[in-house]
């Protein structure tokens, strides 16, 4: 094996075997200073403490076709978008939403896809960390932090209970699709379509092979809406006062991947939930942004995440 280069003080370095050695933020028990709830987009959310672990993250560049969402919980797929700027939300809905729907149908064989939200990220996480040490140092935890940043902690966007809430927010037994799924025990799920807006040179997205993390290492975290008098640019994906995500506890054997310098014509499909009980099918995929130090002048990470309810109406759970 090739010798690794010396690690800088932040613990990040890469070697010649296309493996990045970085730190990921895992679940930290509240008794040790962690938290099991936070208000999204607030100073308190960014003050959370984690169990930070050094992890080997293998570069998938050159082997992207090996990954399958049903097996690994994630899948890379190259497909350009006719939308390039992603600055106008209404334009994104008109152009990027139908593209996402068709892509998911083509890749997964889904019979129906419904986009329920999207989020774009163009802000520098280093600025919020600097603000926490200066401008926000004495602010209360509910102070709203402006900007939308890469999520640099391991998570799955919905627990099964939260996924069901998202489904029920948009479809119930009064709708044809909702009635069909609920009455016929039909298969459905939630998949995020993640796409770079510009070449990714910092804060890339790492994904965990779903086969290498067990359910007992997934812990529910409650995400609260911020106070109504202090709204944030973030929006939870359910209509209630809170949503529930999974965090993840560290254990040996977890296998992490990222794809170096992803381009705007490349996408990453991430499975957040699948109702399927078929043996061997991946039903969730932990993921996290991580610090990238090979390109310190790489600007901000620009990306869009389109969140979709996905249905296979001819399949049973």
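The values are calculated or read from the model by the stated rules, or taken from the named source; none is laboratory data. No experiment lies behind these values; they were computed from the predicted model shown. Note that we place each Cβ from the backbone using ideal geometry, even for glycine, and neighbour counts take in every protein chain shown.
Structure above, values below:
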{"quantity": "The one condition in (1) in contact (Cβ under 8 Å) with a residue 12 or more places away in the chain; (2) under 16 Å from residue 249 (Cα atoms); (3) surrounded by fewer than 22 Cβ atoms within 10 Å (Cβ to Cβ); (4) more than 14 Å from the chain's Cα centre (by Cα) that residue 184 fails to fulfil", "calculated": "(2)"}
{"quantity": "Check on residue 239, surrounded by fewer than 23 Cβ atoms within 10 Å (Cβ to Cβ) and in contact with a helix residue (DSSP H, G or I) (Cβ under 9 Å, 6 or more places away or on another chain)", "calculated": "yes"}
{"quantity": "Residue that is surrounded by the fewest Cβ atoms within 10 Å (Cβ to Cβ) [pool: residues in the range 187-203 that are in contact with a helix residue (DSSP H, G or I) (Cβ under 9 Å, 6 or more places away or on another chain) and within 20 Å of residue 299 (Cβ to Cβ)]", "calculated": "203"}
{"quantity": "Conditions (1) at pLDDT 95 or above; (2) over 18 Å from the mean Cα position of the chain (by Cα); (3) assigned to a loop (DSSP other than H, G, I, E, B); number of the one not met by residue 284", "calculated": "(2)"}
{"quantity": "Only one of 126, 206, 161 that is on the phi < 0 side of the Ramachandran plot, exposed (fewer than 15 other Cβ atoms within 10 Å of the Cβ) and in contact with a strand residue (DSSP E or B) (Cβ under 7 Å, 6 or more places away or on another chain)", "calculated": "161"}
